[in-house]
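A.B. asks: My questions will all concern the structure given below.
The values are calculated or read from the model by the stated rules, or taken from the named source; none is laboratory data. Note that the coordinates shown come from a computational prediction; the quantities given were computed from them, not determined experimentally. Reconstructed Cβ throughout: ideal geometry from the backbone, glycine too, with neighbour counts over all protein chains shown.
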Amino acid sequence: MLASGIANNKDSNWRFIVEWSSKGLGILHEVKRVIFSGHTKYQDVDLVETPTYGICLFLDGKLQTSSADEWMYHEALVHPIMLTHPNPRRVMIIGGGEGITLREVLKHNTVESVEMVDIDEEIIELCKQYLKALHRGSFDDPRVKLVIEDGRKYLSAKHNDYDVIIVDATDPLKGSPSVPLYTKEFYEIVFDALRDEGLMVTQATSTFYTIKTFTTICNTLKAVFPIVRPYQVWVPGFNSLWGFVIGSKRYDPVALSEEEVRERLHNRGVKDKLRLYHPGLHKALFALPLFLEERINSEKDIATDDKPVYVD
C-alpha cells in the first residue's frame, strides 16, 4: 500500500487505486505505472499512469487532474469568469498547483499579471517536473508571480487589488488545509480583495455525489456577493457533473450574449486555443436541472469558520 491507496491484487501484479466518490461507492483505477507516490507536509500524493485517463494526479486519494480530460474542468473553471469581465488585467489563483488553471488564464491577452498562491511547494515542484505537457511552461511566463503561502492569509492583506480571483482548491475534506477556503469569512476576504467590478469563482465539488456541499457553497456565497451563479460541466475522470460557483460584484455571466462571448474570445486571441468552451456553450453551462435548482433555492446552511462544510 502506497501513499493514498495504491494496492496490488494478491493474485497478480495488477495495481489499482480505489477513489471513493461517496460513502459506499468507489471508482477503481488500474495503475500502469507509478511516477511518484509519497507525502508532502500537507497531503498524500500519487502521480500515476492509468489506461483510461493517462497521467493522473491524486491528492489524498482524490483524482485532481488527468491528462485525458483536464481541459474539460479547467476551461469550465476559467473561461466563463474571464469572459464575463470585460477587461481582466489582474488575476489571482488560489491553489491550482498543477499550473493548468494558470495556463488557461494566460490565454487572455488582457492579463497583465497573475499571482498564483499555493500552500504546498512540494506539489508545485512535482507538477513542474512531471506535468510539463499539461502546464506547458505557464510557470515561466513573465506575467506570473508564484507565492508559496496560505492563500487565505495572503489574500487577507489585499484590498481592491484584483479583477478576477479563481479558487482552484482541493475538496474540503476534514483535516485538509482547503477547508477554510469555503467559508463565509473567506468569501468576505475575497470580496474585499476584488475591485469594484470584480468576480470570483470556486470549484464546488460534485453536483450529485456531494450535492449538500455544493448547495452550501452556493448559499454561503449568496451571503456575501450580490450576484451568484452556479454552473456545472461533465468531467469523465470525476465520474460526475462537476460544480462551480461564480460570485460577482457587478457583472452577471448569464447576461453575457453569445455574440459578446464570440467577440471577446476573438479580441483576446483565445478562440483557437480551446477544446470545450465556445460562445454557444457559455449560457448553457448555467442552465441547471430542476432538482438542482430546487436544492440550491431551499438550502439554508451557510459555511462558517466555526461550522465549515465538508466532503464526507
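Yes/no per residue for (1) under 21 Å from Leu134 (Cα atoms); (2) surrounded by 22 or more Cβ atoms within 10 Å (Cβ to Cβ); (3) at pLDDT 95 or above:
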residue: Lys23; (1), (2), (3): no, no, no
residue: Asp46; (1), (2), (3): yes, yes, yes
residue: Gly61; (1), (2), (3): yes, no, no
residue: Ser66; (1), (2), (3): yes, yes, yes
residue: Trp71; (1), (2), (3): yes, no, yes
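A.B. asks: Are any residues in region 211-229 among the aliphatic types (A, V, I, L, M) and touching a helix residue (DSSP H, G or I) at 6+ places or on another chain (Cβ under 8 Å), and if so, which ones?
C.D. replies: Ile211, Ile217, Leu221, Ala223, Val224, Val228
A.B. asks: Select from region 234-256 the residues that are aliphatic (A, V, I, L, M) and surrounded by fewer than 22 Cβ atoms within 10 Å (Cβ to Cβ) and write down the one among them that is farthest from Ser67 (Cα to Cα).
C.D. replies: Ala255
A.B. asks: Another one. Only one of Ile93, Ile119, Ile35 is in contact with a Gly (Cβ under 7 Å, 6 or more places away or on another chain) and either more than 20 Å from Trp234 (Cβ to Cβ) or not assigned by TED's automatic domain parsing to the domain that holds Phe286 (or both); which?
C.D. replies: Just a single option satisfies the conditions, and that option is Ile119.
A.B. asks: Output the residue which, of all residues in region 293-312 that are closer than 14 Å to Tyr231 by Cα and touching a Ser or Thr at 6+ places or on another chain (Cβ under 6 Å), is surrounded by the fewest Cβ atoms within 10 Å (Cβ to Cβ).
C.D. replies: Looking at the filtered set, the residue picked out is Arg295.
A.B. asks: For region 261-277, name all the residues that are touching a helix residue (DSSP H, G or I) at 6+ places or on another chain (Cβ under 8 Å) and free of Cβ contacts under 8 Å to residues at least 12 places away in the same chain.
C.D. replies: Lys271, the sole residue that qualifies.
A.B. asks: A follow-up question, please. For region 173-224, name all the residues that are farther than 30 Å from Glu19 by Cβ, in a helix (DSSP H, G or I), touching a Ser or Thr at 6+ places or on another chain (Cβ under 9 Å) and not acidic (Asp, Glu).
C.D. replies: Ile189, Ala193
A.B. asks: Mind listing just one residue for me: the one in region 129-145 that is surrounded by fewer than 18 Cβ atoms within 10 Å (Cβ to Cβ) and in contact (Cβ under 8 Å) with a residue 12 or more places away in the chain and, of those, nearest to Pro180 (Cα to Cα)?
C.D. replies: Looking at residues that are surrounded by fewer than 18 Cβ atoms within 10 Å (Cβ to Cβ) and in contact (Cβ under 8 Å) with a residue 12 or more places away in the chain, I get Lys145.
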